[in-house]
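The values are calculated or read from the model by the stated rules, or taken from the named source; none is laboratory data. Keep in mind it's a predicted model, so treat the numbers as computed, not measured. Only protein heavy atoms, including side chains, enter the accessible area calculation; ligands, DNA and RNA are left aside. Shrake-Rupley method; radii C 1.70, N 1.55, O 1.52, S 1.80 Å.
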Amino acid sequence: MTLSSASRYPRLGLRGTSQFRRPDGVIGVEYNMSRVQGKDSNLFSELSNANLKEECESCRNLVTCNVCGSSISGFEHIGVRASASHESGIWHYANPCRHRNQLRSRSANVKYGGGPLWKNGYTWQNIYWGPYFTGSSSSAWVASIEKAVRDIESDKTYSGGLSQYNVGTGTVSPFITIKTAPATKISDGQIKQILASWIASGTVPNLGSQGAYNIFLPTGVTVSLSPVEASCAFFCDYHNTISGSSGPFYTVEPYPCAKGCNQCTNNPLDTLTQGLSEEMVELKTDMNPGTGWVIGNLELCDYCDAKFVCNRISGGEYVNSWYDKNKKACWKGS
């Protein structure tokens, strides 16, 4: 996928933007989004279902939806961390009907499907969406998340241990705050379009296939993957791609649910870091869901969620374990 000629890094100093430094020294950028709400016709013409052709082993050769029986053109695969009573893994959405098909995996062994993997030097770009994140009351929350992202990515045994999957470690860019509030109910399809518009306008850097965006949402916002599957009720967070293996790649982190997404404490930050760590690991090892390292219909953390053990990394954050194929066991921290 070729995006418009957006700059690789945010253009600080443009009208509608401001650079600032938090008390902890972290630099951020704020954007007033009134100038980028329109669609870029060239960009959006490329938001096709290209990733539908990159089929995973479980859905290969399927031509009808097993929910409604209609003919399908393929599946969109989304890497999902489910809430309590639902199953995490790669969720398969048939197109055009958009029903989620629950498919049996053909293998329970860890396998690589040939898709893109995270390399050394790739970039994480954190995006805080909404005026909620610009207030002084949220400063400590943002600073804690920024620390968590840096700690997760730099931990030598947690992220560093993924080298066994030919996965590298990346860098973390100064975060970006979008001042315009998201709708209280928003779909993943709408998030794709809005992220693409931010990239096209230069509001966020164009990472191409060499990095990913963590999109953090404020309180009161519900994300849906289908008309009946919404955040908190069905899932905690997820990762996806706009156009298959060419990216752009992103995670979506709704504000932590009150229950069902934290198996260790009642602390909202611990809830978020458990989900965030899982999506960062699984995006790196399976950037286009279903085409990287998987265990049947499960990504590496999904497998360990079924045998959940509370773990912390060296920075103190609670994280979700990933499957260590060298040790044939789930990662253990402190």
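Quick notes on this one:
- Extents of segment 257-316, largest first, come to 34, 22, 19 Å (Cα atoms, principal axes, whole angstrom).
- Cα extents for segment 147-201 along the principal axes, largest to smallest and rounded to whole angstrom: 39, 23, 22.
- Two-decimal Rg to Rh for segment 63-119 - Kirkwood Rh, Cα set: 1.01
- Solvent exposure of Val167, expressed as accessible area, is near 10 Å², computed with a probe of 1.4 Å over the protein chains only.
- A P(r) calculated from all alpha carbon pairs of segment 100-211, with 10 Å bins opening at zero, reads 11, 30, 34, 21, 3, 0 percent.
- Whole-Hz couplings from phi, Karplus 6.51/-1.76/1.60, listed for segment 160-171; x for Gly and Pro: x, x, 6, 4, 5, 9, 6, 10, x, 10, x, 10
- Working note: Debye formula, equal point scatterers on the alpha-carbon atoms of segment 117-161, no solvent; log10 I(q)/I(0) at q = 0.19, 0.25 Å⁻¹ is -0.70, -0.93.
- What the Cα atoms of segment 207-316 give is an Rg and a Dmax of 14.0, 40 Å.
- Interatomic Cα distance distribution for segment 147-286, bins of 10 angstrom, percent: 11, 41, 38, 11, 0
- Couplings for segment 210-219, taken from phi via the Karplus curve 6.51 cos²θ - 1.76 cosθ + 1.60 with θ = phi - 60°, read 10, x, 7, 10, 9, 9, 9, 10, x, 4 Hz in order; Gly and Pro are left as x.
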